[in-house]
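Participant: The structure under discussion is supplied below as structure tokens; questions concerning it will follow.
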Amino acid sequence: MSSLSLKGIGVSRGIAIGKAYLLQRDQLKVREYLIPLSLIEAEQERFRQAVVVAKAQLAEVREQIPASTQVDIASFIDTHLLMLNDKALAEDPVKLIHERGCNAEWALKLQRDALVAVFEDMDDAYLRTRKDDVDHVVNRIQRILLNQDDNIQVMMDGRLKNSVIIADDLSPADAVTMQNEGIVAFVTEYGGPNSHTTILARSLGIPAVVGVKNVLRYLQQGEPLVVDGNHGAVLVGPDEKGLKHYQLRQREERRHVAELGKLKELPAVSLDGLAISLQANVELPEDLVMMDKVAAKGVGLYRTEYLFLNRDQLPDEEEQFETYRGVVRKLRGRPFIIRTLDIGADKALGAEQRQDPRGVATNPALGLRAIRLCLRDTSLFLPQLKAILRVSAEGPVSMMIPMIASVQELEQAMQLIQQAKRELQDEGRIFDDSMPVGGMIEVPAAAILADVFAKHLDFFSIGTNDLVQYTMAADRLDNEVNYLYQPTHPAVLRLIDMTIKAGRKSGIPVAMCGEMAGEPRYTRLLLGLGLTDFSMQPAMMPEVKSIIQKSDVEQLNKKVRRVLRMSSAADVEIFVELLNSQT
Ligand code: PEP
Ligand code: MG
């Protein structure tokens, strides 16, 4: 059997093996016809009734949501229910029927087109995908008006077991209804990484690939398929070798997930009883879902860049405040460290948004980035400082400044924080006046001078991603010099050691939030250097936790000191190998 592979966007992880179930819905054919004046009221009533039935259908779907699901799926359905109550969908078409003297379907179509046009004009990718919600709700009403069965509702007879659902698009309600029937994956022609259905698939743990062009045309009913949600691929009619490969990967994936589940509630305590703090690095909203799955104790690094990238207009204070507040509320009392903007170098804003005042920097990693840029352009920095201060009134929020290299920068930043506080006071806003302000130690100068910096800051977080690049003078993105990008180079380890010691001496906490903190291979090395606060990608947490549980930190403290006297990363790596092999 030859295998055909279709490409799309992998939006929900996991491997699924099943048979294709093509969801061919009748195309909704809506056309306009005129309604005699005497029947206008009856037509308006027919529309109102359709809305009532749509609400009843959705309420029924809401009942079917499994209690065990993590994300608040009911809220997705509630969004649609709310839309059915909204004037724009529930009343405006009624008016249109009267004004145009047309049928209910046509009035609804006109209203849909007007609403969608507004969404399509929006810059924000997330809001643009809300257009899908309008379509899902409108289509539901249209099917009722047209007396067309939603064939998902009539298919609930066990036929979908082990099926991969192939559809043009799916509404969240469809997804909920079908997942109770034992389907194994979703593949759709439309939809994007931000659509509700995508988010739902992720939270239900169903692999999903979206954006597969013409998928309904390429596939046949019942055809065997492999869906690779990690890579956005759909393998059609896999041969025996391909099938074996994916079965193996599926087993590995399931083992990993099972492991995750087992470790979730267990504390990160070493063999000798030392409690280690494991926090999450968060960049995208999905990371918050993932961090709950691994029971992270808080957010140790919240990268704010994603809010600023890929858009024409920068987010103002209000938008930032809303976004950060959303996270504080989700964290329900867990600590939340918001890093101020680290834009520049590998995370440059669009050229037309903000120009480097000197033109193109020749060496952006050493150029005007992060705190340097923020101090230069206070119109960028102050709104963020104010937004962060405002959310500090809502929970245990801290602010963290990236790329600090000199005390002067720190002093300037502190002055701006004072200015932000004064402005907020004048505006009558509340904030936590004693909100902790920490700094990232990621420039060698900061590590060497950590004892001095500690006098100005409430905590440190070591950013090894940059600390390694600057210590070794090896660009973190340049493959030509990646042989020099060595986190275990003794020079890097000495800087880490100096930072941890300076923090301890001054009585301020020291965390690490660079990738090194989430690399299980280095967990014991870091524990041995005295690190007790780790912040990492949530997915790495279970493995790091299991190593902590098998480690004796007191023993490690004694053993690891010798790495500081070693002469090369190669020597350290051999030592690390040995350290990790001991039980
Ligand atoms: C780091 O440099 O280690 C870090 C965590 O920050 P970023 O990767 O965002 O530069
Ligand atoms: Mg960094």
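The values are calculated or read from the model by the stated rules, or taken from the named source; none is laboratory data. All of these numbers come straight from a predicted model, not from anything done at the bench. Cβ sites come from the backbone with ideal geometry, for glycine too, and all protein chains shown count toward neighbours. Heads up: the accessible areas ignore ligands, DNA and RNA and are worked out on the full protein's heavy atoms, side chains in. Shrake-Rupley method; radii C 1.70, N 1.55, O 1.52, S 1.80 Å.
Participant: For Gln221 and Asn147, calculate 0.36 nm times their separation in residues minus their Cα-Cα distance, and state this gained length in nm to one decimal.
Facilitator: Working: separation 74, 0.36 × 74 = 26.64 nm, distance 2.55 nm.
That works out to 24.1 nm of additional length.
Participant: Right, next: Could you calculate the FRET efficiency of Asp113 with Asp78 from 1/(1 + (r/R0)^6), where r is the beta carbon distance between them and R0 is 25 Å, rounded to 0.05?
Facilitator: Numbers: r = 25 Å, r/R0 = 1.00.
That gives a FRET efficiency of 0.50.
Participant: Also, quick follow-up: Under 28 Å between alpha carbons, and skipping anything fewer than 8 positions from Lys95 in its own chain: which lysines qualify?
Facilitator: Qualifying lysines at Cα under 28 Å: Lys29, Lys55, Lys87, Lys109, Lys131.
Participant: Also: Just from its helices, what would the mean residue ellipticity at 222 nm be for the chain, if runs of 4 or more DSSP H residues each count -39500 (n - 2.57) and the sum is divided by every residue, rounded to the nearest 500 deg cm²/dmol? Write out the running numbers ahead of the final one.
Facilitator: Details: 23 runs with 269 residues, N = 583.
Value at 222 nm, helices only: -14000 deg cm²/dmol.
Participant: If we sort 223-230, 82-89 on the protection proxy, mean other Cβ atoms within 10 Å, highest first, what's the order? Please report the intermediate quantities before stating the final value.
Facilitator: Values: 223-230: 21.9, 82-89: 14.8.
Highest to lowest by the protection proxy: 223-230, 82-89.
Participant: Enumerate the residues in region 258-302 having an amide nitrogen under 19 Å from the point lying 7 Å beyond the Cα of Arg311 toward its Cβ.
Facilitator: 282-288, 302
Participant: Further question: Between Ile183, Gln279, Val30, whose Cα lies farthest towards the positive end of the dipole of the chain when Lys and Arg beta carbons carry +1 and Asp and Glu beta carbons carry -1, centred on the Cα centre?
Facilitator: Value: Gln279.
Participant: In addition: Can you work out the FRET efficiency for the pair Asn214 and Ser38, with r the C-beta to C-beta distance and R0 = 41 Å, to the nearest 0.05? Don't skip to the answer; put the middle values down first.
Facilitator: Working: r = 47 Å, r/R0 = 1.14.
For Asn214 and Ser38, the calculated efficiency is 0.30.
Participant: Sticking with the crude label model, points 7 Å out along Cα→Cβ, report the distance from Asn363 to Lys19 in nm, one decimal please.
Facilitator: 6.4 nm
Participant: Then there is this: Work out the length of the dipole vector of region 37-145 about its Cα centre, built from +1 on the beta-carbon of each Lys and Arg and -1 on the beta-carbon of each Asp and Glu, and round it to the nearest 20 debye.
Facilitator: Working: 14 positive and 20 negative charges, 60 e Å.
Its charge dipole is roughly 280 debye.
Participant: Kindly give the semi-axes, whole Å and largest first, of the ellipsoid equivalent to the chain, taking each as the square root of 5 times a Cα gyration tensor eigenvalue.
Facilitator: Working: eigenvalues 484, 195, 87 Å².
So the three semi-axes of the chain are 49, 31, 21 Å.
Participant: Of the peptides 527-536, 210-219, how do they stack up when ordered by the mean number of other Cβ atoms within 10 Å, highest first? Don't jump to the answer; show the numbers that get you there.
Facilitator: Values: 527-536: 23.2, 210-219: 16.9.
Listed from highest to lowest mean packing, they are 527-536, 210-219.
Participant: Where in region 294-308 is the amide nitrogen less than 17 Å from a point lying 7 Å along the Cα-to-Cβ axis of Glu265?
Facilitator: It comes to 294-297, nothing else.
Participant: Using the Karplus equation 6.51 cos²θ - 1.76 cosθ + 1.60 (θ = phi - 60°), what ³J(HN,Hα) coupling, rounded to whole Hz, does each residue of region 400-413 give in order, writing x for Gly and Pro?
Facilitator: Coupling constants for region 400-413: 10, 9, x, 6, 5, 10, 9, 5, 4, 4, 4, 4, 4, 4 Hz.
Participant: Report the extension gain between Arg334 and Arg254 in nm, rounded to one decimal, defined as 0.36 nm multiplied by the number of residues separating them, less their alpha carbon distance. Don't skip to the answer; put the middle values down first.
Facilitator: On the way: separation 80, 0.36 × 80 = 28.80 nm, distance 2.92 nm.
Full-extension gain reported as 25.9 nm.
Participant: Quick one: which of 169-176, 96-103, 421-428 comes out on top by average Cβ neighbours within 10 Å, and what's the full order, highest first?
Facilitator: Details: 169-176: 24.5, 96-103: 17.8, 421-428: 12.0.
The peptides rank, most packed first, as 169-176, 96-103, 421-428.
Participant: In addition: Using modelled amide H (1.01 Å from N, peptide plane; none on Pro or chain starts), what sits under 5 Å from the amide H of Ala280, excluding residues fewer than 5 places away?
Facilitator: Those lying under 5 Å, H to H, from Ala280 are Lys297, Gly298, Val299, Gly300, Leu301, Met536.
Participant: Determine the share of the chain's accessible area contributed by carbon and sulfur atoms, expressed in whole percent, with a 1.4 angstrom probe. Walk me through the intermediate numbers first.
Facilitator: Values: 14080 of 27110 Å².
Exposed carbon and sulfur together represent 52 percent of the surface.
Participant: Of the beta bridges DSSP finds with both residues in region 185-337, what % are antiparallel, to the nearest 5?
Facilitator: Details: 5 of 11 bridges.
Beta bridges within region 185-337, antiparallel portion: roughly 45 percent.
Participant: Once R0 is set to 35 Å, what does the formula 1/(1 + (r/R0)^6) return for the Cβ-Cβ distance between Asp272 and Ala445, expressed as a FRET efficiency to the nearest 0.05? Show your work: numbers first, answer last.
Facilitator: Working: r = 35 Å, r/R0 = 1.01.
It comes to 0.50.
Participant: If we restrict to alpha carbons, what Rg and Dmax does region 37-145 come to, in Å?
Facilitator: Answer for region 37-145, Rg first and Dmax second: 15.2, 52 Å.
Participant: Could you list which residues have their amide H under 5 Å from that of Ile508, counting only those 5 or more apart in sequence or on another chain, with H placed in the peptide plane?
Facilitator: For Ile508, whose amide H was placed from the backbone, there are no distant partners under 5 Å.
Participant: So, one more: Output the antiparallel fraction of DSSP beta bridges having both residues in the chain, as a percent to the nearest 5. Could you put the intermediate results ahead of the total?
Facilitator: Numbers: 19 of 55 bridges.
Looking only at bridges with both residues in the chain, the antiparallel portion is about 35 percent.
Participant: Right, another one. Might you tell me the accessible area per residue for region 37-145, computed with a 1.4 Å probe and given in Å²? Kindly include the intermediate steps, with their values, before the conclusion.
Facilitator: Values: 5400 Å² over 109 residues.
Normalised by residue count, the accessible surface of region 37-145 is 50 Å².
Participant: Oh, and also: Stretched out fully, how many nm does the piece from Asp168 to Ser379 gain, at 0.36 nm a residue minus the Cα gap? Don't jump to the answer; show the numbers that get you there.
Facilitator: On the way: separation 211, 0.36 × 211 = 75.96 nm, distance 4.45 nm.
Separation in residues times 0.36 nm, less the Cα-Cα distance, equals 71.5 nm.
Participant: Counting Lys and Arg as +1 and Asp and Glu as -1, each charge on the Cβ, what is the dipole of the chain about the Cα centre in debye, to the nearest 20?
Facilitator: Values: 69 positive and 80 negative charges, 333 e Å.
That gives the chain a dipole magnitude of about 1600 debye.
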